[in-house]
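Since the structure comes first, as structure tokens, the remarks are kept for the end.
All of the numbers you see were taken from the coordinates with simple rules; none came from a lab. This one's a predicted model, so the numbers in the text were calculated from it and none came from an experiment. For neighbour counting, all protein chains shown are included, and Cβ atoms are generated from backbone atoms with ideal geometry for every residue, glycine included.
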Amino acid sequence: MNRSMRNDIILSGVGGQGILSIATIISLAAVENNLYLKQSEVHGMSQRGGDVQSHLRLSSKPVSSDLIPYGKADLIISVEPMESLRYLPWLSKAGWLVTNSTPFININDYPPVEEILKEIRKIRNHKIIDADEIAKTAGSSRSGNMVILGAASHHIDIPFKSLETAVEKFFAKKGTDITDVNIKALRAGREA
Amino acid sequence: MQKQLLLGDEAIAQGAIDAGLSGMYAYPGTPSTEIMEYIQSSGEAKERSIHRQWSANEKTALEAALGMSYTGKRAMAAMKHVGLNVAADPFINSSVTGINGGLIVVSADDPSMHSSQNEQDSRFYGKFALVPVYEPSSQQEAYDMVFDAFDLSEKYRIPVLFRITTRLAHSRAAVRRRLPEPQKPFRLPSDPRQFVLLPAIARKKYKALLSVYESLKYDHRLSKHNVFKDGKNRKTGVITCGIAYNYLVENFPEGGPDFPVLKLTAYPFPKDLISDLTGRCEEVLVLEEGYPIIEEGLRGILDNSLKIIGRLDGALPRDGELNPSIVGKAVGIRSEPLYKIPEVVRSRPPSFCNGCGHSDTFLAVMEALKPYKSNGVFSDIGCYTLAALPPYNIINSCVDMGASVTMAIGAADGGLHPSVAVIGDSTFTHSGMTGLLDAVIKNSHVTIIISDNSTTGMTGGQKSHATGRLEKICEGLGVEREHIRTIIPLRKNHEENVRIMKEEFDYRGVSVVISSRECIQTASRRRKSESSERKIQ
């Protein structure tokens, strides 16, 4: 890839929802395209059902900071609707927010989903999809994260083919059945 | 060699393997855990027969690393920042004994306390022990510095401290590897009394250490990592330490800063380079992750010379980690208006996994304590610390590894009854066993509940030294057999578990309740790997 590019992406969700898999897959695709990248992630206590995030920075030039500055993220990819709002101060006014609409409710005071969606709709560029439902239709309720990645792929400056290759690499060890279902989920998300 | 995507932790681990490491020693602790985990899963480490088993705690890890160094081979010990407190005794003394094979101690600090009880700055320990410190700003530097650190350690025959912070530890970037070096041969110290710190010997060795510490800052293996770059705008000069450099450069995407910048990544700090900077600027801004160590050093006690900007005058927050936005503001970059977090967003603290055995243990403890009007129990560091949060609100302490046992002893001495400690299995073998021995010797009226999930859970399920040994350990320490009770924390056993706990609370002596059920996370991983093995067969 010769042209100049830069994508600053925040991934968000709840511990265990698979945001690190999304990060790893985009990273694999970025490496295939000879891009520089830095990807910071959360380990340890915060993973136990708490909110988790990852900063992923791709660029045709070397990346300095491991963290994205406030207001500079081009894209928030969230596998959970309330979590998509937690990192809004990072989102650039021109940036996109792509989120799952199915909530993950493990706290007593979880707000009504409609109130959350109302706030998301206030963001200039947003896309809300029911990734859990689309994943089920694609054949695996556990591939919601691939559906979201597919939906966000329009805003990542990496050829979609590379993302597919990365998904294949990522799931290779788990066999062709699991790989196929995740590719299917990725494509369904892209078309959603 | 080809580039590899590595976490900062993994870059250090790969660097150590490639620099001829023979022994890796560690106790898990966020954000340092992945250093050992990487070496344990590395095929190259296996081929080279690098020793790579977890230690009982950070002190035993560092001492074993020192023993490996005694044989002339290269060793590394890794821990989180508070782990270095546990290992402080061997660490400080190993600089006086000196080393034989190269020895690196990695301490991973956690500013902003993402997963820790404080944000202490390990660079203090470098000065305290009079050893050189490396503080890489990138994954590539982390990898490269390991080679210099081992060489430096062997040249001056002292241990070297590696300080990283959470963001570097847990951020991934491409790292270019070097050709691997061979491991060092077995070669015992030429002076058999090198490690004997009898006062007469220690005095001589300490004098030698003092002179080494003064001279090593001129060694190129340290000095090349401190880089001064002049700039035409000389009002404010900036000193950056470690990862803070990245946050500064991030704010100048076109051509970098136009003011003088001193990038510090190795200590003791270079007075000459600092003078170069301060000599040409009206004021100095200090950007450092952690405590204001350089800033305090520049200010001195009298604080009356140069204008210094940093964490102490409020230009930067006094606590918490830095980020590109905080640094941008300090260098006068104006920020655009930002989206705000809507009020509808609720906090989502970490919580016990569904079906966690700790949760059932605490539900029994809560009920068993009811008749005593007790306000809670002492506890310790692990997933089970989450019982401090609703709906449990049952633990009243989380101080340092093992402190639940010993605080319960002291509180019982002070008149508290029942005085109860809840400690995890791995925390117990880390630092709880010696406290239990105290309790036995004093015949303290305490009940120690060991919440045994047969793993080191919070850091991701590393092997626990306690697994299968707890009853024997307690018996061996002198707890009476009939007051070592083992229960299984399941809902169906609740009534019985409550009864057993109450019996032991009423006993005026040392009792231990081992509440034992495997962590559901490790159990599910184990089942998955067993079923995939069956498929292969």
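Before moving on, here are some points about what is shown:
- Contact order relative to length of chain A, as percent, for alpha carbon pairs under 8 angstrom and 6 or more apart: 21
- Listed residue pairs exceeding 26 Å between alpha carbons, taken from B:217/B:263; B:184/B:229; A:136/A:174: B:184/B:229
- Within 10 Å of each Cβ in A:65-77, the average number of Cβ atoms from other chains: 6
- Counts of other chain beta carbons within 10 angstrom of each beta carbon in peptide A:82-88 average 4.
- Looking at chain B, the DSSP beta bridges with both ends there are about 20 percent antiparallel.
- Alpha-carbon centroid distance for the pair region B:182-203 / region A:32-101, whole angstrom: 50
- Inter-label distance, nm, simple model (7 Å from Cα along the C-beta direction), residue B:525/residue A:105: 3.1
- Result for chain A in a Gaussian network model with C-alpha springs under 10 Å: among A:134, A:22, A:105, the largest mean-square fluctuation is at A:105.
- Residues in region B:465-482 carry Karplus couplings, in order, of 4, 7, 4, x, 10, 4, 4, 5, 4, 5, 5, x, 6, x, 6, 5, 3, 6 Hz; the curve used is 6.51 cos²θ - 1.76 cosθ + 1.60 with θ = phi - 60°, and Gly or Pro positions show x.
- DSSP beta bridges confined to chain A are antiparallel in about 50 percent of cases.
- With the highest mean first, a sort of the peptides B:240-250, B:215-225 on other beta-carbon atoms found within 10 angstrom per residue produces B:240-250, B:215-225.
- Counting DSSP beta bridges with both ends in the protein assembly as shown, the antiparallel % (nearest 5): 30
- Cα centre as origin, Lys/Arg/Asp/Glu Cβ charges: region B:351-463 dipole, Debye: 140
- GNM top mover of A:12, A:141, A:54 - chain A, alpha-carbon springs below 10 Å: A:141
- Loop-located chymotrypsin sites (Phe, Trp or Tyr not before Pro) in region B:154-207 (DSSP state not H, G, I, E or B) with no more than 13 neighbouring Cβ atoms inside 10 Å: B:186.
- Region B:9-44-region B:157-179 distance, computed between alpha-carbon centres (Å): 10
- Extension gain, residue B:254 back to residue B:187 (0.36 nm per residue minus Cα-Cα distance, nm): 18.9 nm
- Remark on the protein assembly as shown: Rg and Dmax equal 26.8, 78 Å (Cα only).
- Short-range pairs are left out: with C-alpha atoms under 8 Å and at least six residues apart, the relative contact order of chain B is 11 percent.
- Hull volume per residue, based on the alpha-carbon atoms of region A:1-68 and their convex hull, is 71 Å³.
- Taking only the C-alpha atoms of region B:375-457, Rg followed by Dmax gives 11.8, 36 Å.
- Under the shape rule built on the C-alpha gyration tensor, where the axes satisfy a ≥ b ≥ c, region B:357-522 is rounded, since a/c falls short of 1.5.
- For chain B, adding -39500 (n - 2.57) for each run of n ≥ 4 DSSP H residues and dividing by the number of residues yields -11500 deg cm²/dmol at 222 nm.
- Overall form of region A:109-163 per C-alpha gyration tensor (a/c, 1.5; a/b vs b/c): oblate
- Inter-part distance, region B:343-367 to region B:444-492, computed on C-alpha centroids, equals 21 Å.
- Remark: mean inter-chain Cβ contacts per residue of B:136-149 equal 1, using a 10 Å Cβ-Cβ cutoff to other protein chain atoms.
- Distance cut-off 25 Å, percentage of C-alpha pairs in region B:3-223 lying past it: 32
- Percent of Cα pairs exceeding the 11 Å cut-off, where the set is region B:192-237: 76
- The Kirkwood hydrodynamic radius of chain B, based on inverse pair distances between different Cα atoms, is 25.3 Å.
- Annotation for region B:321-397: GluC sites (Glu not before Pro) lying in DSSP loop with at most 14 further Cβ atoms inside 10 Å of their Cβ are B:343.
- Once divided by 2.2 N^0.38 Å, the Cα radius of gyration of region B:132-188 becomes 1.28.
- Extent of region A:6-191 along its three principal axes (Cα atoms, max minus min coordinate, largest first): 42, 39, 34 Å.
- Relative counts (whole %) of C-alpha pair distances in region B:227-330, using bins that are 10 Å wide: 15, 54, 30, 1
- With 29 Å as the limit, the listed pairs B:59/B:207; B:127/B:224; B:127/B:155; B:370/B:528 have B:370/B:528 beyond it between alpha carbons.
- For region B:427-537, size of Cβ-based charge dipole, Lys and Arg +1, Asp and Glu -1, in debye: 640
- Ranked by how many other Cβ atoms sit within 10 Å of their own Cβ, fewest first, the residues B:490, B:198 fall in the order B:198, B:490.
- Checking the cross-link pairs A:38/A:61; A:38/A:127; B:232/B:307 against a 22 Å limit on the alpha carbon distance flags A:38/A:127 as lying beyond it.
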